[in-house]
Structures are given as structure tokens and as C-alpha cells.
Amino acid sequence: MEYLVYVSTAKKLMSDAELLDLLQTARIKNAKYNVTGMLLYSEGTFIQALEGEKEDLYTIYKAIELDFRHRNIILMITGSVEERIFPKWSMAFASVNADVLELIEGYLSPSAKNFIGDNNHATVTMLKTFAATNRLSVSF
């Protein structure tokens, strides 16, 4: 199984409704291709970790590259894993402006202690660093 982490810039700051639409679209597509992961968003910047079989993973990534909502997409890291880091999440999600989003299944409260988990894999470390830098979480 393969994984990747990328960062990108939203073409504009996104409202809760736009983030919800993006999340729902991602979940449907990810479920279709058996890809799991986590998406974090703060003030116009995304970081996303995705994992799945290589062909499926890159099908999703190519679609992200073509998505009109993103620009400046930078692939940060790729590799292989023996088992999923995010096995239960077709797309876990956290956002700094999350009042409405808290009611959505899969939303992870950035204020919850250790909201990403204890795994020390590079993907988790990158997500934790992004969350801490953008004050998405009080502590890990």
C-alpha cells in the first residue's frame, strides 16, 4: 500500500459550506477507490495525507491536481506502508473555522487532546506540525 502527503493553497478562502462540499465529494471519491486519509485546512492552506493501492491513490491525486479549488500543489512525501495509518477514515477532516463542521461525521475536533493519534509515521508528524503551526490543536 502507498501513501502520499501534499500541501496546496485554496484559490480563495473557503466558507464552511464550500469546505463541506469539498469534504463530501472527497469522501465519495475516496470510498470508490478505497483510499483513506486526513485533510486539514487553515486560512486557505490544505495539507492532506492519503493512502491506498498505488493506482487508486494516484487516480485521486491526479483529480486533486485538476481540482479548480486548489493551486500551488506540492507533493511533500510518498512511500509505502504495510497497513493503513487512517483505516477508518475515507476522509477525516479538521478546520480552524469549524463551528458548522463539528456536526459532520468524521470531523475531528482540533481542540481534542491528541486528535490525530499517537502514530509516529512521517505522515502523522507532518499533519501534527501543520495543526500546531496553525493552532488547530491545543496539545498533542
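The numbered conditions (1) touching a Ser or Thr at 6+ places or on another chain (Cβ under 8 Å); (2) surrounded by fewer than 18 Cβ atoms within 10 Å (Cβ to Cβ); (3) aliphatic (A, V, I, L, M) are all true for Leu50 except (2).
Taking every residue in region 55-82 that is in a strand (DSSP E or B) and pairing it with any residue that is among the hydroxyl-bearing types (Ser, Thr, Tyr) and open to solvent by 30 Å² or more (accessible area, probe 1.4 Å), at least 6 positions away or on another chain, the pairs with Cβ-Cβ distances below 8 Å are His70/Thr9; Arg71/Thr9; Asn72/Thr9. The test for being in a strand (DSSP E or B), over 14 Å from the mean Cα position of the chain (by Cα) and at pLDDT below 95 does not hold for Gly37.
The values are calculated or read from the model by the stated rules, or taken from the named source; none is laboratory data. None of these values were measured; they are calculated from a predicted model. Positions of Cβ are backbone-derived with ideal geometry, glycine not excepted, and every protein chain shown enters the neighbour counts. Ligands, DNA and RNA are stripped out before the accessible areas are found, and what is left, the full protein with its side chains, is counted by its heavy atoms. Shrake-Rupley method; radii C 1.70, N 1.55, O 1.52, S 1.80 Å.
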